[in-house]
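Taking it in order: structure first as structure tokens, then the write-up.
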């Protein structure tokens, strides 16, 4: 694991001191400041004849760590000083979910070359990523492939909620997922991605081949105080399957916008709700409640056994539904 601190040189001081004054300042600096080898991440600010040691502002510095193993990745996530984690190319085989509980950037060194593989199954259940940095937390995932999470039926010994989000479970924060592939995951709710709360942006992602009971690709379903908001742009959502509703995207409360995206080849199956009625609505997109906006998108070739082959709007209150999508 390699650490490096990236920072910008501070601007020149606005005033200048005399030669004699600067000499005194330099002598003072030698007494109070550690040797240069220990000054990583700090700079000296001299204004007039006053010298002080000041930390580089957080927006002007960033501790970046390069990792190449699961152990390094786990360690870097636990190190709150690390703001950006760059993953070397390869497959990272997980034996436990990765928990992101603070602001951080996870980025592939080469987009598409990093695979986070939960290698989970019915007998060994775990998701790939759990994201919960708090209300003010900011998390970015860039260029990653997220696969083989399995929490269908829940994780034995864990509380209710463990069955949600086979690939990614977003519980809070502002989360941006860009240029990622989320595929081959399974869950009760949200085979690919489950959003409970926070603000989530999916950009230029492929979400495919995931399975669930509800929301094969993405589900936005807040309960007990969650307020999920999701923006999906320039994404491909295809080949996802559910036994109930929302093969590609399922909106159950929350707010979702879909722009310039393709949603095709998803399936809402013919299972039964717990009260005995047949399920299978919204092969491409199912809107049960909340707010949904779809613009400049192609939604086609999806399958639903009950209704809404491509888009289904339920009987509950949908605040806004201006569709300028191509549905065929």
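The values are calculated or read from the model by the stated rules, or taken from the named source; none is laboratory data. The shown structure was predicted, so the numbers you read here are calculated from the model rather than taken from an experiment. Cβ coordinates were reconstructed from backbone atoms using ideal geometry, including for glycine residues, and neighbour counts include every protein chain displayed.
Let me spell it out: the conditions are (1) more than 22 Å from residue 182 (Cβ to Cβ); (2) assigned to a strand (DSSP E or B), and residue 212 meets all of them except one. Which number is the exception?
(1)
Answer with yes or no whether residue 162 is modelled with pLDDT under 95 and more than 18 Å from residue 259 (Cβ to Cβ).
On the way: modelled with pLDDT under 95: yes; more than 18 Å from residue 259 (Cβ to Cβ): yes.
Considered against the rule, which asks whether it is modelled with pLDDT under 95 and more than 18 Å from residue 259 (Cβ to Cβ), residue 162 comes out as yes.
For the range 264-302, name all the residues that are closer than 15 Å to residue 239 by Cα and in a loop (DSSP other than H, G, I, E, B).
In the first step, residues of the range 264-302 are kept if they are closer than 15 Å to residue 239 by Cα; the result is 264-269, 282-285, 298-302.
Result: 265, 266, 269, 282, 283, 284, 301, 302.
Of all residues in the range 235-256, how many are under 17 Å from residue 183 (Cα atoms) and either outside the structural domain of residue 288 (by TED's automatic domain parsing) or part of a loop (DSSP other than H, G, I, E, B) (or both)?
Pass one, the range 235-256, residues under 17 Å from residue 183 (Cα atoms): 235-242, 246-250.
Filter once more, so that each one left must be either outside the structural domain of residue 288 (by TED's automatic domain parsing) or part of a loop (DSSP other than H, G, I, E, B) (or both): 235, 239-240, 246-248.
Counting residues in the range 235-256 that are under 17 Å from residue 183 (Cα atoms) and either outside the structural domain of residue 288 (by TED's automatic domain parsing) or part of a loop (DSSP other than H, G, I, E, B) (or both) gives 6.
The conditions are (1) in contact (Cβ under 8 Å) with a residue 40 or more places away in the chain; (2) buried (at least 24 other Cβ atoms within 10 Å of the Cβ), and residue 282 fails exactly one of them. Which is it?
It fails just one condition, (1).
Is there a residue in the range 259-280 that is in contact with a strand residue (DSSP E or B) (Cβ under 7 Å, 6 or more places away or on another chain) and within 17 Å of residue 228 (Cβ to Cβ)?
There is no residue in the range 259-280 that is in contact with a strand residue (DSSP E or B) (Cβ under 7 Å, 6 or more places away or on another chain) and within 17 Å of residue 228 (Cβ to Cβ).
The rows are residues; the columns are (1) over 22 Å from residue 176 (Cβ atoms); (2) modelled with pLDDT of 95 or more; (3) crowded, with 18+ Cβ neighbours inside 10 Å; (4) not assigned by TED's automatic domain parsing to the domain that holds residue 171.
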| site | (1), (2), (3), (4) |
| --- | --- |
| 72 | yes, yes, yes, yes |
| 93 | yes, yes, no, no |
| 100 | no, yes, yes, no |
| 105 | no, yes, no, no |
| 113 | no, yes, no, no |
| 119 | yes, yes, no, no |
| 124 | yes, no, no, no |
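Conditions: (1) under 19 Å from residue 184 (Cβ atoms); (2) part of a strand (DSSP E or B). Residue 152 meets all but one. Number of the miss?
Only one criterion is unmet by residue 152, namely (2).
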